[in-house]
Amino acid sequence: MANDTEHTVGIRIEPGRGIAFFGIEEVNRQLTAGRRIKEIRPGGAVMSKVGEDEHNVRLQLAGCDLQIVFE
């Protein structure tokens, strides 16, 4: 985490393992402590490496993330 004001949350989807969420516990801790969400910002794609040869790396979309900004 970059600091106490911004937190990253997201989801990963992995074949054979299923869906996994990340970052939610810390955001819930902040909410329980009385913090308020100021903004939700777009994040990015979570990619998984599925192959590679001498010229290319093959990636697969495996989820996404968001930035939660607290007051």
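Since every read-out is calculated from the coordinates, none of them should be taken as a lab result. The structure presented is a predicted model; accordingly, all values stated were derived computationally and were not measured. Counting neighbours? That spans all protein chains shown, and the Cβs are built from the backbone with ideal geometry, glycine included.
The table that follows gives values for the structure above.
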| read-out | value |
| --- | --- |
| Extension gain from Leu61 to Lys38, taking 0.36 nm per residue of separation minus the Cα-Cα distance | 5.4 nm |
| Order of Thr8, Thr32 under a 10 Å beta carbon neighbour criterion, fewest first | Thr32, Thr8 |
| Efficiency of FRET between Arg29 and Lys49 - r from beta-carbon atoms, R0 35 angstrom, step 0.05 | 0.65 |
| Helix-derived mean residue ellipticity, 222 nm - over the chain, DSSP H n ≥ 4, -39500 (n - 2.57), to 500 | -3500 deg cm²/dmol |
| Entry for mean projected area of the Cα convex hull in nm² (calculated from the structure that is shown) out of (i) 10.6; (ii) 5.9; (iii) 4.4 | (ii) |
| Assigned charges on the beta-carbon of Lys, Arg, Asp, Glu; the range 6-70 dipole about Cα centre (debye) | 380 debye |
